[in-house]
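The values are calculated or read from the model by the stated rules, or taken from the named source; none is laboratory data. What you see is a predicted model; the values in this text were computed from it and never measured. Glycine also receives a Cβ, built like all others from the backbone with ideal geometry; neighbour counts cover every protein chain displayed.
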Amino acid sequence: MTVRAALPLLIAFIATASIGVQQPSAAQPPTSPDLSLAPVRQGPEPIQGGDHGVGKRVADATLTDLAGRPHSLGKLADQNRAVVIAMTSSSCPLSRKYLPTLVELSKQYGDDIAWVIVNPIATDQPDEMQAAAQQFDPDVIYGHDRDGKFAAGIGALTTTDVIVLDRSQTILYHGAIDDQYGFGYSIAAPRHRYLADALSAINQGQNPTVAATKAPGCTLSHDPQASATASDLTYHNRISRITQQHCVGCHRDGGVAPFPLVTFDDVSAHAAMIQQVVQGQTMPPWFAAKSANATDRSLSPWANDCSLAETEKRDLLDWLAGPMPEGDPNDAPQARQFTSDWQIGTPDAIFQFDDPQPVKATGVMPYKYVEVQTDIPEDKWVQAIEVKPGDRSVVHHVLVFAQGAGQKSDERDGFWGIYVPGNSSLIYPDGFAKRLPKQAKLRFQMHYTPNGTETTDRTSIGVVYAKHPPQHEVHVKGIYNDKINIPAGAKNHPEVATLPIPTDARVMGFLPHMHLRGKAARYELIRESETTTLLDIPRYDFNWQLLYRYREPLLLHPGDMIRFTSWYDNSDQNPANPDPTKTVRWGPQTFDEMQLGYVEYYLPGTQPGEANGKSALAGESGGRRDRGTVLFRRLDVNQDGVITKAEVRERMPNEPNAAGPIFDRLDMDSNGELTRSELEKLK
């Protein structure tokens with residue numbers, strides 16, 4: 001038998017054997033530990049900010065420092081860009097460990113930021129507190145909150161808790177300093193500098209990426225009558241903060257929403273509608289289901305998750321269901337600032353439609369494709385991209401494709417720029433960029449939605465070039481099935497496409513795309529015999545073409561596969577269905593359909609441009625996996641890079657020939673081991 005002829009036999013053995021399943025032995029296995037018990041080692045854990053006080057207003061309070069001087073929280077907030085309130089204790093081991101870090105951070109972030117160090121333990125000794133206070137600069141306030149009322153009033157929970165306020169006494173961050181110390185462990189240096197990252201973001205006028213964490217420390221006892229926020233639920237002290245965080249990005253003058261929600265009058269006038277869409281979970285627009293093991297307070301894996309936390313939803317609905325008191329305007333948050341110019345800063349280059357595009361007053365419009373020639377003389381690395389519609393009121397969404405000279409591309413090749421309601425930009429961190437080929441042609445896919453008035457649109461796109469060549473090139477690949485066939489009248493028709501992963505890759509995000517019959521979508525990772533849901537969208541809405549961006553990119557390996565499944569409602573019960581009597585296939589217009597799951601990713605360890613501008617995952621979706629790689633990973637039990645007969649017998653105990661004649665035929669050098677290169681010859 002030849003080596004190549006041995007492959008079907010080995011695959012057959014793999015397919016029928018219980019790979020990776022250990023056979024029972026005569027001896028009794030050891031008893032498993034009780035995994036329901038809380039682990040001994042506990043560190044900070046990022047959690048949902050809205051359920052941890054973030055976005056709430058802290059009422060004014062006074063803290064007396066060790067010299068007997070009173071300090072008003074409201075006055076400190078009014079006179080500084082931010083106020084950092086850090087709990088500590090001279091008797092708590094974790095607080096003592098974190099004292100040098102607090103001292104260092106107070107020096108590093110002292111400009112226009114007030115630092116308040118609070119010891120809420122009644123029995124801590126004055127001389128020990130004085131020694132701790134003397135380590136800080138003189139302008140840092142150190143107070144002994146003997147009765148714990150100050151800590152309770154701001155919502156502090158442990159002796160390592162930190163709360164950061166803005167000028168309107170709104171909580172911007174609530175959580176741990178970093179993760180260097182916790183219960184049962186210490187490490188040489190922190191992996192995550194939560195407080196420093198939050199303060200850096202605030203200095204740049206941005207919200208912290210991680211706005212809340214648990215803070216392991218000595219738990220504080222609070223007076224149950226104490227309140228962490230203003231006592232009465234009013235528009236100015238609570239509701240305005242919720243709408244500002246989750247609504248006014250779209251609901252404002254110049255925004256994409258049909259009406260503003262900026263003032264008390266705006267919100268109260270639309271109270272019934274707000275109540276309806278919040279209860280129906282269609283607003284704010286976020287359609288990813290929580291993972292099965294997530295709790296209500298778990299931090300979303302998606303960096304751009306705009307959904308309401310349970311606490312925010314409860315407070316908003318309670319206020320809407322009641323008399324809706326306006327409250328004191330002095331309790332209002334700082335107004336969010338929106339610019340009519342570019343959100344990415346001044347672009348290095350702007351490319352605009354040559355001619356205005358007409359948009360009719362009523363009805364629907366098919367997708368329109370507009371091409372813009374860039375005429376750039378050389379390849380450019382682009383770190384930020386922003387699409388700016390000429391008339392936002394009629395531009396629903398835009399996909400932009402960058403085509404090099406002589407290249408053709410369409411939706412299946414992956415988008416280069418994107419505009420969706422509420423998000424017009426792609427901004428990558430230092431070291432990441434997209435390639436813009438020389439003499440590139442930008443192809444805009446425009447979805448116009450007439451609004452009752454005939455108009456024109458002249459959309460443009462701005463780019464910011466990377467200051468240095470990037471470490472990682474950002475790619476986008478579409479997982480698609482362009483042979484979809486959706487029967488007439490089908491209410492829940494599935495279509496499936498797959499993408500084999502030929503090399504290590506890190507997924508940055510997903511963007512599912514269907515048309516008017518699209519009903520639901522799901523991305524899954526298939527790794528050996530296990531299937532894991534990555535993104536589940538049980539209610540897909542064509543009106544919101546959302547990019548779901550990971551906080552931490554997902555690492556994939558050769559042999560993995562991403563499966564993208566879409567469900568369609570082609571029945572007469574779908575009110576958006578153009579024609580339920582028609583069998584629907586792939587097509588570019590909204591009355592056609594697509595089954596297209598975009599994947600945004602980069603290749604670790606690969607130099608940008610190595611693929612000559614082509615995506616390394618650019619093979620056809622639905623292709624066959626690298627079977628040699630899959631077999632090797634399954635059979636290499638100890639992951640030492642070679643396969644022995646003992647490993648084959650362990651993996652395939654019921655197939656003796658697999659570790660006998662077939663193994664010998666594959667073992668080209670007869671050394672009793674199979675290498676990856678020996679299996680690669682089977683391709």
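In summary, strands (runs of 3 or more DSSP E) completely within region 35-146 and bearing 3 or more residues that are surrounded by 12 or more Cβ atoms within 10 Å (Cβ to Cβ) and either under 35 Å from the mean Cα position of the chain (by Cα) or in contact (Cβ under 8 Å) with a residue 24 or more places away in the chain (or both) occur at 62-64, 82-87, 113-119, 141-144. The test for being over 21 Å from Asp305 (Cα atoms), buried (at least 19 other Cβ atoms within 10 Å of the Cβ) and in the same structural domain as Met594 (by TED's automatic domain parsing) does not hold for Ser529.
Conditions tested, residue by residue: (1) modelled with pLDDT of 95 or more; (2) over 30 Å from Arg336 (Cβ atoms).
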{"position": "Ser89", "(1), (2)": "no, yes"}
{"position": "Leu94", "(1), (2)": "no, yes"}
{"position": "Gly110", "(1), (2)": "no, no"}
{"position": "Ala176", "(1), (2)": "yes, no"}
{"position": "Pro190", "(1), (2)": "no, yes"}
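Quick check, is Ile427 β-branched (Val, Ile, Thr), buried (at least 23 other Cβ atoms within 10 Å of the Cβ) and touching a residue at least 60 places away in the same chain (Cβ under 8 Å)? Here the answer is no, as Ile427 does not meet what is asked.
The residue list Leu299, Leu320 contains one member that is of a type outside the set (Val, Ile, Thr) and at pLDDT below 90, which is Leu299. In the set (1) without any contact (Cβ under 8 Å) to a residue 40 or more places away in the chain; (2) not in a loop (DSSP other than H, G, I, E, B); (3) not basic (Lys, Arg), Leu316 fails one condition alone, (1). Any residue in region 343-355 that is at pLDDT 95 or above and of a type in the set (S, T, N, Q)? There is at least one residue in region 343-355 that is at pLDDT 95 or above and of a type in the set (S, T, N, Q).
Contact map, region 261-280: residues that are free of Cβ contacts under 8 Å to residues at least 60 places away in the same chain and surrounded by 13 or more Cβ atoms within 10 Å (Cβ to Cβ) paired with residues that are among the aromatic types (Phe, Trp, Tyr) and outside any helix (DSSP H, G or I), Cβ distance under 8 Å, separation 6+ or inter-chain. Pairs shown: Asp266/Phe259; His270/Phe259.
Taking the conditions (1) in a loop (DSSP other than H, G, I, E, B); (2) crowded, with 22+ Cβ neighbours inside 10 Å in turn, Tyr523 satisfies each one other than (1).
The residues in region 387-418 that are under 16 Å from Cys250 (Cα atoms) and under 27 Å from the mean Cα position of the chain (by Cα) can be counted, and the count is 7. If you go through region 594-610 one residue at a time, do you hit one that is in contact with a strand residue (DSSP E or B) (Cβ under 9 Å, 6 or more places away or on another chain), under 30 Å from Tyr428 (Cα atoms) and modelled with pLDDT under 80? Taking every residue of region 594-610 in turn, at least one turns out to be in contact with a strand residue (DSSP E or B) (Cβ under 9 Å, 6 or more places away or on another chain), under 30 Å from Tyr428 (Cα atoms) and modelled with pLDDT under 80.
Take Gly417 and tell me if it is under 27 Å from Met283 (Cβ atoms) and free of Cβ contacts under 8 Å to residues at least 60 places away in the same chain. Yes.
Taking the criterion of being of a type in the set (Val, Ile, Thr) and assigned to a loop (DSSP other than H, G, I, E, B), the residues of region 251-306 that qualify are Val256, Val262, Thr263, Thr282, Thr295. If you go through region 503-520 and keep only what is farther than 16 Å from Trp302 by Cβ and either in contact with an Asp or Glu (Cβ under 6 Å, 6 or more places away or on another chain) or in a loop (DSSP other than H, G, I, E, B) (or both), you end up with Thr503, Asp504, Met514, His515, Leu516, Arg517, Lys519.
Is at least one residue of region 476-488 touching a residue at least 40 places away in the same chain (Cβ under 8 Å), small (Gly, Ala, Ser) and surrounded by fewer than 16 Cβ atoms within 10 Å (Cβ to Cβ)? For region 476-488, residues touching a residue at least 40 places away in the same chain (Cβ under 8 Å), small (Gly, Ala, Ser) and surrounded by fewer than 16 Cβ atoms within 10 Å (Cβ to Cβ): present.
Filtering region 576-612 to residues that are farther than 12 Å from Glu473 by Cβ, out of contact with any Phe, Trp or Tyr (no Cβ under 9 Å at 6 or more places or on another chain) and in a strand (DSSP E or B) leaves only Arg585.
Residue count for region 456-475, restricted to those that are buried (at least 18 other Cβ atoms within 10 Å of the Cβ) and over 26 Å from the mean Cα position of the chain (by Cα): 2.
Within region 161-219, restricting attention to residues that are under 20 Å from the mean Cα position of the chain (by Cα) and part of a strand (DSSP E or B), the residue that is surrounded by the fewest Cβ atoms within 10 Å (Cβ to Cβ) is Leu172. Can you report the number of residues in region 583-592 which are closer than 19 Å to Ala520 by Cβ and at pLDDT 95 or above? Final tally of qualifying residues: 1. Among the residues examined, Glu371 qualifies as exposed (fewer than 14 other Cβ atoms within 10 Å of the Cβ), outside the structural domain of Leu546 (by TED's automatic domain parsing) and in a strand (DSSP E or B). In region 447-481, of all residues being in contact with a Leu (Cβ under 9 Å, 6 or more places away or on another chain) and assigned to a loop (DSSP other than H, G, I, E, B), the one that is farthest from Val420 (Cα to Cα) corresponds to Asn481. For Arg81, indicate whether it is in the same structural domain as Ile187 (by TED's automatic domain parsing), under 27 Å from Arg314 (Cα atoms) and at pLDDT below 95. The answer is no for Arg81. Residue pairs whose Cβ atoms lie under 6 Å apart, sitting 6 or more positions apart in sequence or on different chains, and linking a residue in region 356-384 that is farther than 24 Å from Ala466 by Cα to a partner that is of a type in the set (Phe, Trp, Tyr) and assigned to a loop (DSSP other than H, G, I, E, B), are Val370/Phe353.
Pairs linking a residue in region 641-652 that is within 12 Å of Thr675 (Cα to Cα) to a residue that is of a type in the set (Ser, Thr, Tyr), with Cβ atoms under 9 Å and 6 or more positions apart or on different chains, are Gly641/Thr675; Val642/Thr675; Ile643/Thr675. The one condition from (1) buried (at least 16 other Cβ atoms within 10 Å of the Cβ); (2) modelled with pLDDT of 65 or more that Ala616 does not meet is (2).
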